[in-house]
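Here the structure comes first, spelled out in structure tokens, and everything after it is commentary.
Where a number appears in this text, it was derived from the coordinates with a stated rule and is not lab data. Here the structure is a predicted model, which is why all the values come from computation and not from measurement. Quick reminder, even Gly has a Cβ in these numbers, built from the backbone with ideal geometry, and neighbours come from all protein chains shown.
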Amino acid sequence: MEKHLLLVLMVLMSGLTSHAAANGPVESVVESEQVLSELMAIPAKQIPRQLMADAQGIAIIPNVIKIGFVGGARRGHGVVLVRDADGEWSLPQFVTLTGGSVGFQAGIQGSDVVLVFTTRKGVEGLMRGKFTVGVDASASAGPVGRDAEIGTDATLRSEIYSYSRSRGLFLGVAVDGSMLEIDHTSHAFYYGTPTGQLPARIPRPADDLRHLLTDLTPLANAAPGGSSPRQIEGLRRALFQQAGQLHATLTPEWRQFLAVPKELQEAGHIPSAESMALMLKRYSQVNVAPEYRKLHDQPEFKRTYELLIEYEKAIAVTHPPLVLPPPPKQ
């Protein structure tokens, strides 16, 4: 029995070590921006805007790997951004998330995890080096929806609200008991200086992530506005990637019918109103037709359709149609 358990633990550690090697600091920053963009793309499923406005820190850990077979292990590499006294966000700081569990489990799961810190105490505890979720600060599953209310009762308040998006079939995404630790090695590699010193260089993806978070977290008294260029770009990227996942499940005939405009493939390009209208019309037709229920009930289709609607709204506000008198009579 002991030999079997040792073998299981060796397999777990081998898998987690391989994951760590593949997900370096450069990838962590890029993937963190993608996770945040996609998480905030759909109003009905995003982190509440009031919670984002009041957040003191946000940790994003893409593709946390949880491997289980009798014993379980969890490992992820990501970033944390912290607000200063003036409400400005810091550059991403690198963190690791490590945890374990014991039970009758089997499988491998990748989940994107986002932790929203609501107090300075929690943020300062993390920045001191090591931090255990649920022990050093209370944690609970976060509410979902742009205008969702956060409980004000003492039993409902949390210092950390957690969000996750599962990619695998493994059940159980709670992060209580997991340890977050500042990754000084990744920081030095990415910025060229030790933690706590001014960066020798600021890679553009790090600055882009900070500015995206600024766009998504207006101060509590700020007036709501339209989508920023970074938010629109995040929507475009999320829509293009999700459409690719949908197309991977379709026959060539259906891939052609539900094809996205070519402009969506390139950063900074916005499709014409005509191509967007055609795409939206086709997805809408499928969504309401009973004979295509097998397709429109697929998560890949639902997600693509939702993102398409939000993207169309965002670019319509950014580029509203000209208001003109009637054209001259022929």
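Numbers for the structure displayed
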quantity	calculated
Residues Trp254, Trp89 arranged by fewest to most Cβ contacts within 10 Å	Trp254, Trp89
Contact order relative to length of the range 185-290, as percent, for alpha carbon pairs under 8 angstrom and 6 or more apart	14 percent
Taking the range 229-318 and dividing mean pair separation by its residue count, relative contact order in percent (alpha carbons under 8 Å, at least six apart)	38 percent
FRET efficiency estimate (nearest 0.05) - Cβ-Cβ, Glu274 to Leu198, R0 56 angstrom	0.70
Length released on extending from Arg157 to Lys130, taking residue separation times 0.36 nm less the Cα-Cα span	7.4 nm
Pairwise FRET efficiency - Asp54 versus Leu250, Cβ, R0 = 45 Å, nearest 0.05	0.60
Note, ³J(HN,Hα) from phi for the range 124-140, Karplus 6.51, -1.76, 1.60, rounded to Hz, x at Gly and Pro	5, x, 5, 5, 6, x, 10, 7, 9, 5, x, 10, 7, 7, 5, 9, 8
Nearest-0.05 FRET efficiency for Arg165 and Ser284, computed from C-beta distance (R0 35 Å)	0.85
